[in-house]
Amino acid sequence: MKTQERDELLRTLAARFEKNMHRHKGVAWADVEAKLESNPSALKSLRAMEETGGEPDVIGLKGEAGHFTFCDCSVESPTGRRSVCYDREALDSRKENKPHGSAVEMAAAMGIELLTEEQYRELQKLVECDMKTSSWISTPADVRSLGGALFCDRRYGRVFVYHNGAQSYYAARGFRGLLRV
């Protein structure tokens with residue numbers, strides 16, 4: 001990443017961080033920035049999250065090692081990650097009208113993780129999101145082995161978890177990611 005691109009990304013992240021202090025109480029931007037500047041792969045992942053509409057922000061400090069957790073905090077599922085099925089197996093199973101990719105593969109390529117149901121519910125405590133869209137979440141192996149996959153959204157002031165065939169895709173369904181730095 002070029003210096004100018006890195007600096008622009010850091011300015012964007014810093015502005016979002018300062019605007020949303022309720023997401024990361026007790027965390028100082030200087031500490032986050034120092035960690036990011038020494039981690040080019042994290043910056044690359046955050047840039048991919050930003051470029052696809054995720055609006056990543058720090059949602060807390062975890063563990064003894066002091067890892068910062070970034071998550072997509074966009075109000076709706078990131079626009080650049082919609083219309084995807086769940087994983088490669090689902091994509092390969094489609095004979096017609098294949099989507100342009102899968103959530104699991106896109107997340108891996110970006111260097112991020114799909115949110116678990118628990119992480120999604122925690123995010124909803126910080127940001128009311130997916131009120132018009134939905135997001136694939138990490139699906140347990142027993143559900144996936146039966147051909148299904150899980151997704152979440154927020155409707156009627158509540159968070160809902162649903163299932164669908166993993167090969168399905170919709171213009172309003174994408175995925176949210178998590179990055180530990």
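The values are calculated or read from the model by the stated rules, or taken from the named source; none is laboratory data. A quick note: this is a predicted structure, and the numbers were derived from the prediction, not measured. We place every Cβ from the backbone using ideal geometry, glycine too, and count neighbours over all the protein chains shown. Ligands, DNA and RNA are stripped out before the accessible areas are found, and what is left, the full protein with its side chains, is counted by its heavy atoms. Shrake-Rupley method; radii C 1.70, N 1.55, O 1.52, S 1.80 Å.
Of note:
- Residues whose amide H comes within less than 5 Å of that of Arg173, counting only those at least five positions distant or on another chain, are Ser83, Ser134 (H built at 1.01 Å from N in the peptide plane).
- Surface share of carbon and sulfur [accessible, 1.4 angstrom probe, percent] for the chain: 50
- The stretch 114-166 shape via C-alpha gyration tensor axes, a/c threshold 1.5: prolate
- Close amide-amide hydrogen proximity is noted between Gly60 and Thr69, each under 5 Å apart and 5 or more residues distant or on a separate chain (H modeled in the peptide plane; Pro and chain starts excluded).
- The stretch 1-112, relative contact order [Cα under 8 Å, separation at least 6], %: 20
- Listed values for the stretch 76-82 are Karplus-derived 3J(HN,Hα) couplings in whole Hz (6.51 cos²θ - 1.76 cosθ + 1.60, θ = phi - 60°), namely 10, 3, x, 4, x, 10, 9, and x replaces Gly and Pro.
- Shown here is the pair-distance distribution of the stretch 78-140: with all Cα-Cα distances grouped in 10 Å bins from zero up to the longest one, the shares run 20, 49, 27, 4 percent.
- The phi-based Karplus calculation (6.51 cos²θ - 1.76 cosθ + 1.60; θ = phi - 60°) puts the 3J(HN,Hα) values of the stretch 166-181 at 4, 7, 6, 8, 9, 4, 9, 10, x, 8, 10, x, 10, 9, 9, 10 Hz, whole numbers, x for Gly and Pro.
- Computed [θ] at 222 nm, helices only, for the chain once each DSSP H run of length n ≥ 4 contributes -39500 (n - 2.57): -10500 deg cm²/dmol
- Packing order of peptides 96-109, 28-41, 128-141, highest average first: 128-141, 96-109, 28-41 (average count of other Cβ atoms within 10 Å over each peptide's residues).
- Rounded to the nearest 10 Å², the accessible area of Asp72 at probe 1.4 Å: 0
- For the chain: span of alpha carbons on each principal axis (Å, largest first): 48, 37, 30
- Residue (of Ile112, Asn164, Val32) at the positive-pole extreme of the chain, dipole from beta-carbon charges: Asn164
- Ranked from largest to smallest solvent-accessible area, with a 1.4 Å probe on the protein heavy atoms, Phe160, Phe151 come out as Phe160, Phe151.
- In sequence order, calculated HN-Hα J values of the stretch 138-143 (Karplus, 6.51, -1.76, 1.60; Hz; x Gly/Pro): 4, 9, x, 4, 5, 6
- Rolling a 1.4 Å probe over the heavy atoms of the protein chains gives the chain an accessible area of 52 Å² per residue.
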